[in-house]
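Quick notes on the structure that follows.
Laboratory data are not the source of any read-out in this text; all were calculated from the coordinates shown. None of these values were measured; they are calculated from a predicted model. Cβ sites come from the backbone with ideal geometry, for glycine too, and all protein chains shown count toward neighbours.
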Amino acid sequence: MRVFSGTDIGQKRRLNQDFIYTSEEPIGNLPNLFVVADGMGGHNAGDFASRYGVSVLVESVRRDKNFNPVKILRNAIEAANREVLAQSRADASMAGMGTTMVACTIAGGYLYVANVGDSRLYVAGETMTQITQDHSLIAEMVRLGELTPEEGRNHPDKNIITRAVGTMDEVKVDFFDLKLEAGDQVLMCSDGLTNMVEDDRIFEILKGNASGDLAKALIDEANAGGGKDNIAVIVVEA
């Protein structure tokens with residue numbers, strides 16, 4: 001397994017609210033664990049929400065006695081939701097904070113994914129496929145046919161998300177599982193990458209940098225395209 005990862009503040013923001021976690025070693029009963037979180041909230045609240053949410057998730061995974069990866073990921077995201085929400089309610093300066101969260105583990109040749117928000121997971125093999133669905137206002141309008149994908153990509157409200165960790169008592173989590181093929185690459189990222197770099201170009205970089213740091217190459221491309229947001233990238237080659 002090869003893993004490339006990194007975050008960057010980008011060209012426009014004063015604070016990096018993206019946070020990543022990678023472990024190629026077992027965490028609890030999971031053989032490995034990878035997480036991208038993109039925080040939201042004023043001042044330093046988004047920064048806190050992503051970091052704290054991921055720390056709660058990891059600790060939940062570590063302690064979980066289940067062996068089913070989906071149950072473990074579900075319990076962990078629900079724990080993160082409770083704890084981030086509790087902090088938000090306890091500290092007025094953090095009211096309304098939350099974070100996206102996409103997490104995955106690879107076990108026995110299968111990829112197990114949990115997602116809340118608009119951070120994404122792709123699998124790149126002969127082609128590149130977005131596995132997660134964005135939980136955002138504009139993505140829902142595109143799915144309903146009210147906007148074209150291109151209109152959605154350039155819409156001023158594209159950053160309004162409809163689900164987040166830490167904003168409501170209950171969190172709805174999407175789950176996906178699929179068999180990985182030889183040579184597949186798993187890409188996890190915040191919207192700071194996908195808003196700046198087209199999917200076709202991302203795919204080119206993933207397949208064209210066999211000896212380089214793929215995370216750095218993608219982050220550099222997003223910054224070259226304007227770097228309007230924080231950027232978080234994890235690439236896993238199983």
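Need one number: nm distance between label points at residue 71 and residue 199, each 7 Å from Cα along Cα→Cβ, rounded to one decimal.
Between residue 71 and residue 199, the simple spin-label model gives 3.4 nm.
Only helical DSSP H runs with n ≥ 4 go in: add -39500 (n - 2.57) per run for the chain, normalise by residue count and round the 222 nm mean residue ellipticity to 500 deg cm²/dmol. Kindly include the intermediate steps, with their values, before the conclusion.
Values: 7 runs with 78 residues, N = 238.
Calculated mean residue ellipticity at 222 nm is -10000 deg cm²/dmol.
Could you tell me how far the Cα centroid of region 159-238 sits from the Cα centroid of region 129-146, in Å?
Spelled out, the Cα-based centre of one part sits 16 Å from the other.
With r as the distance between the Cβ atoms of residue 150 and residue 59 and R0 = 41 Å, compute the FRET efficiency 1/(1 + (r/R0)^6) and round to 0.05.
E(calc), rounded to 0.05, equals 0.50.
At 25 °C and 0.890 mPa s, what whole-number value in µm²/s does Stokes-Einstein give for the translational diffusion of the chain, with Rh from the Kirkwood sum over Cα pairs?
Numbers: Rh = 17.7 Å.
D = 138 µm²/s.
Using 24 Å as the Cα-Cα cut-off, could you pick out the over-long pairs in 179/228; 172/228; 65/172; 179/216; 71/216?
Values: 179/228 35 Å; 172/228 29 Å; 65/172 22 Å; 179/216 27 Å; 71/216 33 Å.
Over 24 Å Cα-Cα: 179/228; 172/228; 179/216; 71/216.
Just how large is the dipole of the chain about the Cα centre, in debye to the nearest 20, putting +1 at every Lys and Arg Cβ and -1 at every Asp and Glu Cβ? Spell out each step's value before the answer.
Working: 23 positive and 35 negative charges, 132 e Å.
That gives a dipole near 640 debye.
Using the basic label-point model (7 angstrom from Cα toward the beta carbon), what is the residue 89 to residue 11 distance in nanometres?
Distance between label points: 4.3 nm.
Compare 70, 142, 165 in a GNM of the chain, Cα atoms joined below 10 Å, and give the one with the largest fluctuation.
142
What residues from region 113-140 fall in the zone where the backbone N is under 18 Å from a label point 7 Å along the Cα-to-C-beta line of residue 181?
Backbone N within reach: 122-132.
With contacts defined as alpha carbon pairs under 8 Å and 6 or more residues apart, what's the relative contact order of region 2-237 in percent? The partial results should precede the final answer.
On the way: 549 pairs, mean separation 62.9, N = 236.
That works out to 27 percent.
So how much slack lies between residue 107 and residue 126, counting 0.36 nm per residue of separation and subtracting their Cα-Cα distance, in nm? Please report the intermediate quantities before stating the final value.
Numbers: separation 19, 0.36 × 19 = 6.84 nm, distance 2.15 nm.
Taking 0.36 nm per residue and subtracting the Cα distance, the gain is 4.7 nm.
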